[in-house]
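Peer 1: Just dropping this structure here.
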Amino acid sequence: MRVAVVGGGLGGLTTALLLDRAGVEVTVYEQAGELREVGAGIIVAPNMVRPLTRAGLGERLADFAVRLDVAWEMRRWQDGSVLFAQRMGAECRRLYGADCYVAHRADLLTMLAEAVPKELVRLDRRLTGLRQDGREVELTLIDSAGRESTAVADVVVGADGIHSTVRPTVVAEAPPRFSGLCAYRCLVPAEAAPSLMLRPAQTIWLGPGRHFVHYPVSGGRLVNVVAVVPAGEWRIESWTTDGRLEDLAAEFETWDPRLGQLIAAASETKRWAMYDRSPLDRWTDGRVTLLGDAAHAMLPFLGQGACQAVEDAAVLAGCLREATPETADRALLRYEEIRKPRASQVQLGSRGREAVNHLPDGPEQRKRDEGLANGDPLRQNAWLYGHEVETELVLMEKGTA
Ligand SMILES: Cc1cc2nc3c(=O)[nH]c(=O)nc-3n(C[C@H](O)[C@H](O)[C@H](O)COP(=O)(O)OP(=O)(O)OC[C@H]3O[C@@H](n4cnc5c(N)ncnc54)[C@H](O)[C@@H]3O)c2cc1C
C-alpha cells in the first residue's frame, strides 16, 4: 500500500505519523520549501491529546504547551466578571481522559515534523493534478522552479487545507458563505501583558457584537489574542494579511481597560475575513479522500479544526492498517462513514456559536449571559471532548467495527 498525503500541515503530518506507525508506506507532498505554521495559538483539546499521547507524543507536548487550569472562561465585557468557567486539570482528566492544552501552532508542527521520518516528506512539491484509473492514482506536482514531476500511489489523502486542490476532484462544493465577521490575531510578550492574561486559562470576553479570546502559549512566554468583530468592508480570507492595531484598539475602546492594555502591548496584528463552509456531500472518490480543513473547514469558535483533523488521521490510519491496494477504496469509504457525521456535527456546532457570540447589547445578550451563569460547566463540552473516536478505534482494532 502506497499512500500519498498532499499537504504537510497539522493534519497531513499527523496522518503521515500514524500511517507510518501502522506500517503503511506513506509520502507527504508539501508545496512550501519548509514546514512552517502561522504565528498563532491553538487549543489542543483532550480529543486531540488522546491520539497524540497514544502516538507517544504526550510528554513532548507537555514540554512546550501550556496545560489549562480553566477553559471556556466567559467574561462580561464591561468589567470582566466571570459568567461561566470550566475547571480543567484533574476534572478534565476524569471526564475526558486527558488534559487540555494551548500551544503555539509552530511548536505543534515542529513536534510532528520531528516525529515523522524526514525521508517521508517531499518539500517544494505543489500538487496540480490527479488522475485515477481504478487501480492507482497519478499525481502531477510542480516545484518552485516550475519543474513538473509525477508520482504514483494506491491512495491519495487530500490534507491540503481550506483551499484544497484535491477537493474539486472528489466533490462539487458550494461557494463559501461570508459570515460578516473578521478576526484580528496577535501574540503579545507575557512581560507586557496584564497579569489576568498570564493565568493558564482560555478566556473569552463576550460583548456587543464582538468577542475577544486570549490564552498564554509557548510555555507562558507569549499571550495569544484572537478578537472577532464585524468585518465592515474587509473581505480578505488570509491568515497572513496585516491589519492595523489602532483599528483593533478602537473596536474594544469601551471594554474593560485590561483589553486595551493587552492590545497596546502588541507590535503587529493580522486580520482576516471569516467565511463559513457547509458539510460536503462526500469526502471520497475511489482511491482519493479528504482530511482536515480540506474535508471540513469550519469557523474557529469551538477551537476544533485541527482537533478534528487529528481525529481524522487516527481513524484513517485504523482503516488503512489492514487494507491492501485491492481493498483500499472500501477502507476509505469506511473512514468517511465513521468520520463525516462527527466532523459535520462539529462544523455545524461551530457555526451555531457565530450567532451566540455576536449578539447586540440588549435583552438577548442578557438572557444568554444568565444562561451561561446557570450552565453546567462540567458537561458542556462532553460531546466535543468525549470518547467516541477511541470507541470506534477499539472496535476497529478488535475487527468488530
Ligand atoms: C483563527 C483560527 C483559530 C483556530 N483555532 C483552533 C484551535 O484552537 N484548535 C483547533 O483544533 N483548530 C483551530 N483552528 C483550525 C485549524 O487551524 C485548522 O483546522 C487546521 O490548521 C487544519 O489543518 P490542515 O492540516 O487540515 O490544513 P492546513 O493547516 O491549512 O495545512 C494544509 C497544508 O497543505 C499545503 N498545501 C496546500 N495546497 C497544496 C498543494 N496543492 N500541494 C501541496 N501542498 C499543499 C499547505 O501549504 C499547508 O501546509 C483555528 C483556525 C483559525 C483560522
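The values are calculated or read from the model by the stated rules, or taken from the named source; none is laboratory data. What you see is a predicted model, and the numbers here were worked out from it, not measured in a lab. Cβ placement follows ideal geometry from the backbone for every residue including glycine, while neighbour counts extend to all protein chains displayed. Areas reflect the complete protein model, heavy atoms only, side chains present, ligands, DNA and RNA absent. Shrake-Rupley method; radii C 1.70, N 1.55, O 1.52, S 1.80 Å.
Peer 1: Could you figure out which of (1) within 25 Å of the chain's Cα centre (by Cα); (2) under 30 Å from GLY134 (Cβ atoms); (3) assigned to a loop (DSSP other than H, G, I, E, B); (4) not aliphatic (A, V, I, L, M) isn't true of GLU268?
Peer 2: Checking GLU268 against (1) within 25 Å of the chain's Cα centre (by Cα); (2) under 30 Å from GLY134 (Cβ atoms); (3) assigned to a loop (DSSP other than H, G, I, E, B); (4) not aliphatic (A, V, I, L, M), the one that fails is (2).
Peer 1: Another question, then. Search region 322-334 for residues being out of contact with any helix residue (DSSP H, G or I) (no Cβ under 8 Å at 6 or more places or on another chain) and not acidic (Asp, Glu), and hand back the single one that is surrounded by the most Cβ atoms within 10 Å (Cβ to Cβ).
Peer 2: LEU333
Peer 1: When residues of region 37-60 are filtered for being near the ligand (Cβ under 8 Å from one of its atoms) and charged (D, E, K, R), how many remain?
Peer 2: Here the count works out to 1.
Peer 1: When both residues are 6+ apart or on different chains and their Cβ atoms are under 6 Å apart, which pairs have a first residue that lies in region 164-182 and is free of Cβ contacts under 8 Å to residues at least 60 places away in the same chain, and a second that is among the hydrophobic types (A, V, I, L, M, F, W, C) and open to solvent by less than 60 Å² (accessible area, probe 1.4 Å)?
Peer 2: Note: pairs meeting the criteria are GLY180/ALA231.
Peer 1: Ok, one more. Which residue out of GLY243, GLY286, GLY318, GLY260 is more than 12 Å from the ligand (Cβ to nearest atom), more than 20 Å from the chain's Cα centre (by Cα) and either of a type in the set (Phe, Trp, Tyr) or modelled with pLDDT under 95 (or both)?
Peer 2: Details: GLY243 fails: either of a type in the set (Phe, Trp, Tyr) or modelled with pLDDT under 95 (or both); GLY286 fails: either of a type in the set (Phe, Trp, Tyr) or modelled with pLDDT under 95 (or both); GLY260 fails: either of a type in the set (Phe, Trp, Tyr) or modelled with pLDDT under 95 (or both).
Going through GLY243, GLY286, GLY318, GLY260 in turn, just one is more than 12 Å from the ligand (Cβ to nearest atom), more than 20 Å from the chain's Cα centre (by Cα) and either of a type in the set (Phe, Trp, Tyr) or modelled with pLDDT under 95 (or both): GLY318.
Peer 1: Look through region 12-30, keep the residues that are open to solvent by 10 Å² or more (accessible area, probe 1.4 Å) and small (Gly, Ala, Ser), and return whichever of them is farthest from the ligand (Cβ to nearest atom).
Peer 2: It comes out as GLY23.
Peer 1: Considering every residue within region 289-304, establish whether at least one is buried (at least 17 other Cβ atoms within 10 Å of the Cβ), within 16 Å of the ligand (Cβ to nearest atom), of a type in the set (S, T, N, Q) and more than 16 Å from the chain's Cα centre (by Cα).
Peer 2: Checked against the condition, which is being buried (at least 17 other Cβ atoms within 10 Å of the Cβ), within 16 Å of the ligand (Cβ to nearest atom), of a type in the set (S, T, N, Q) and more than 16 Å from the chain's Cα centre (by Cα), region 289-304 yields at least one hit.
Peer 1: Can I ask one more? Do we have ARG131 as in contact with a strand residue (DSSP E or B) (Cβ under 6 Å, 6 or more places away or on another chain), open to solvent by 10 Å² or more (accessible area, probe 1.4 Å) and in contact (Cβ under 8 Å) with a residue 24 or more places away in the chain here? Steps first, answer last, please.
Peer 2: Numbers: in contact with a strand residue (DSSP E or B) (Cβ under 6 Å, 6 or more places away or on another chain): yes; open to solvent by 10 Å² or more (accessible area, probe 1.4 Å): yes; in contact (Cβ under 8 Å) with a residue 24 or more places away in the chain: no.
No.
Peer 1: With among the small types (Gly, Ala, Ser), surrounded by fewer than 23 Cβ atoms within 10 Å (Cβ to Cβ) and out of contact with any helix residue (DSSP H, G or I) (no Cβ under 6 Å at 6 or more places or on another chain) as the only criterion, which of GLY33, GLY9 stands out?
Peer 2: Going through GLY33, GLY9 in turn, just one is among the small types (Gly, Ala, Ser), surrounded by fewer than 23 Cβ atoms within 10 Å (Cβ to Cβ) and out of contact with any helix residue (DSSP H, G or I) (no Cβ under 6 Å at 6 or more places or on another chain): GLY33.
Peer 1: Quickly run through region 162-182 and pick out the residues that are crowded, with 23+ Cβ neighbours inside 10 Å and near the ligand (Cβ under 7 Å from one of its atoms).
Peer 2: Hit for region 162-182 is SER164, nothing else.
Peer 1: Next question. Could you give me the residue pairs with C-beta distances under 7 Å whose first residue belongs to region 218-230 and is under 10 Å from GLU251 (Cα atoms), whose second residue is among the aliphatic types (A, V, I, L, M) and part of a helix (DSSP H, G or I) wherever it lies, and which are 6+ apart or on separate chains?
Peer 2: Going by the 7 Å Cβ cut-off, the qualifying pairs are ALA227/LEU248.
Peer 1: It is to be established whether one or more residues within region 202-210 are out of contact with any Pro (no Cβ under 9 Å at 6 or more places or on another chain), crowded, with 22+ Cβ neighbours inside 10 Å and assigned to a loop (DSSP other than H, G, I, E, B).
Peer 2: Checked region 202-210: no residue is out of contact with any Pro (no Cβ under 9 Å at 6 or more places or on another chain), crowded, with 22+ Cβ neighbours inside 10 Å and assigned to a loop (DSSP other than H, G, I, E, B).
Peer 1: Same structure again: So for region 336-358 (the condition being within 30 Å of SER81 (Cα to Cα), in a loop (DSSP other than H, G, I, E, B), aliphatic (A, V, I, L, M) and within 12 Å of the ligand (Cβ to nearest atom)), does at least one residue qualify?
Peer 2: Within region 336-358, none of the residues are within 30 Å of SER81 (Cα to Cα), in a loop (DSSP other than H, G, I, E, B), aliphatic (A, V, I, L, M) and within 12 Å of the ligand (Cβ to nearest atom).
Peer 1: Looking at (1) of a type outside the set (S, T, N, Q); (2) open to solvent by less than 10 Å² (accessible area, probe 1.4 Å); (3) in a loop (DSSP other than H, G, I, E, B), which is the only condition ALA317 fails?
Peer 2: Single failed check for ALA317: (3).
Peer 1: Let me ask another. Would you confirm whether any residue within region 374-388 is at pLDDT below 95, among the aliphatic types (A, V, I, L, M) and either surrounded by fewer than 17 Cβ atoms within 10 Å (Cβ to Cβ) or not in a helix (DSSP H, G or I) (or both)?
Peer 2: yes
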